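Laboratory data are not the source of any read-out in this text; all were calculated from the coordinates shown. Everything quoted here is computed from the prediction, not taken from an experiment. Cβ coordinates were reconstructed from backbone atoms using ideal geometry, including for glycine residues, and neighbour counts include every protein chain displayed.
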Amino acid sequence: DAKTTQPPSMDCAEGRAANLPCNHSTISGNEYVYWYRQIHSQGPQYIIHGLKNNETNEMASLIITEDRKSSTLILPHATLRDTAVYYCIVAPSSNTGKLIFGQGTTLQVKP
Amino acid sequence: NAGVTQTPKFRILKIGQSMTLQCTQDMNHNYMYWYRQDPGMGLKLIYYSVGAGITDKGEVPNGYNVSRSTTEDFPLRLELAAPSQTSVYFCASSLSTGNEKLFFGSGTQLSVL
C-alpha cells in the first residue's frame, strides 16, 4: 500500500485559505487520494477524494499534481470549527475499501 | 437516518473481563469496519467485513473477535481485556464498492484497569 507524508501541524488565520499538503510518491495508478478530518473526540469525517483530476465540493478543494505524487487540500475560508486533525489517505488497490489512517496534520485555525 | 450508532460511549473494564462493543448502521452499507485510536495517534484497523457472514483481519486483530450475522450489525468482542486495549474504538461503514467514503460512529472510550 502507498504511504503518505504530512506535516504534523499547521496554523491558519480565520477567514484565510488553509492549504494542507500531502506527499504520496509511491501511489499506484489505480489508487485514490482521500481526505478525512477528525474534530476532537469525534469520529473522522469524510471531506473529499480524487484519482487524478482536481475535485471540489461544498467543504473543500483537492488539487492533485500531474504526476500524482502529491496533493493539496484547500479549505477556502477557514473557520474556528475547521480546527481538526486532517488525514490524507491513499486507498489500497484491493477492493475491500479499508483505509489506513496515519497521524495526519493538526490544523489550528486562529482568530 | 441515524447513520452509524455505537454503544456504549464509555466503559471501564477490569483486566480479564470480557465485553462486546455494539455497532449498527441503517444505511444498508455492505462494508463495515472497526478501528481503534490510541491517544495522540492515528486510527488502526482491527477488523472489517464486506458483507454479512464475511469478516477479515486488519492491522491489529489480536485480542478481538467479530461477527457479522446481519447487514446492519457488526459487534466487536474483547474476550480477556488487557490494559493495552485501553483506547477509543470507532466503527464505520461504507457503500458496497468499498472505495467510497466511510461514515463513522461517535466512538466508544474503553479503559482497562
Exercise. For the residues A:L99, B:L95, A:L80, what sequence is obtained by ranking on other C-beta atoms within 10 Å, fewest first?
Worked result: A:L80, B:L95, A:L99
Seminar exercise, completed: Under 25 Å between C-alpha atoms, the lysine pairs in the protein assembly as shown lying 8 or more places apart or on different chains count 23
Exercise. How much of the calculated P(r) for region B:34-113 lies past 20 Å, in percent of all Cα pairs?
Worked result: 29 percent
For this session: For a footprinting-style exposure proxy, rank A:L51, A:L62 by other Cβ within 10 Å, fewest first.
Result: A:L51, A:L62
For this session: Using the number of other C-beta atoms within 10 angstrom as an exposure proxy, rank B:I54, A:I74 with the fewest first.
Result: B:I54, A:I74
Exercise. Relative contact order for region A:3-111 using alpha-carbon pairs under 8 Å, separation at least 6, rounded to a whole percent?
Worked result: 36 percent
Exercise. Out of A:E66, A:E14, A:E55, any idea which swings most in a Gaussian network model of chain A, alpha carbons joined below 10 Å?
Worked result: A:E66
